[in-house]
C-alpha cells in the first residue's frame, strides 16, 4: 500500500506532491498503478464541481465521482499538522482516519499519512 499525503485548504487539496495553497482548489493525484484513482490526475477550481462539508473532527469532500473522508484521531478535532499512521475511516479507532472511494472502486485497507496545512473554519455557514 502506498502512502498518501493529504493537504486541506479552504476547498480541499489532495496531493502526493508539493502544491501551493488556493482557496477553491480540489486536486487528486493518483500514483501510476493505483486502483482507486487509476493513475490519473484530477483537478478543478470550479466550486460547482465539488462539495465540501464537515465538522471539526471530520472533513468530507465529493469531487470527480469520488468521496474523500478525513478524520481526526479517535474522533478528535483536526488541527494543523501531519497525521501519520492513518487508517481507513470510520474504522480508524484512535488513529487518524481517511477513506477515498468512488467510480465503482474502493479499498478496505487504506493507510498512510495526511497533512492538514491550514485550519479550516467550521460553523453554520461552512
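Assorted remarks:
- Added length on full extension, which subtracts the Cα-Cα distance from 0.36 nm per residue, residue 85 to residue 105: 5.0 nm
- Ranked by how many other beta carbons lie within 10 Å on average, peptides 88-96, 45-53, 59-67 from highest: 59-67, 88-96, 45-53
- Measuring between their Cα centroids, segment 71-110 and segment 22-43 lie 17 Å from each other.
Read the figures in this text as sums done on the coordinates, not as results from a lab. What you see is a predicted model; the values in this text were computed from it and never measured. Glycine also receives a Cβ, built like all others from the backbone with ideal geometry; neighbour counts cover every protein chain displayed.
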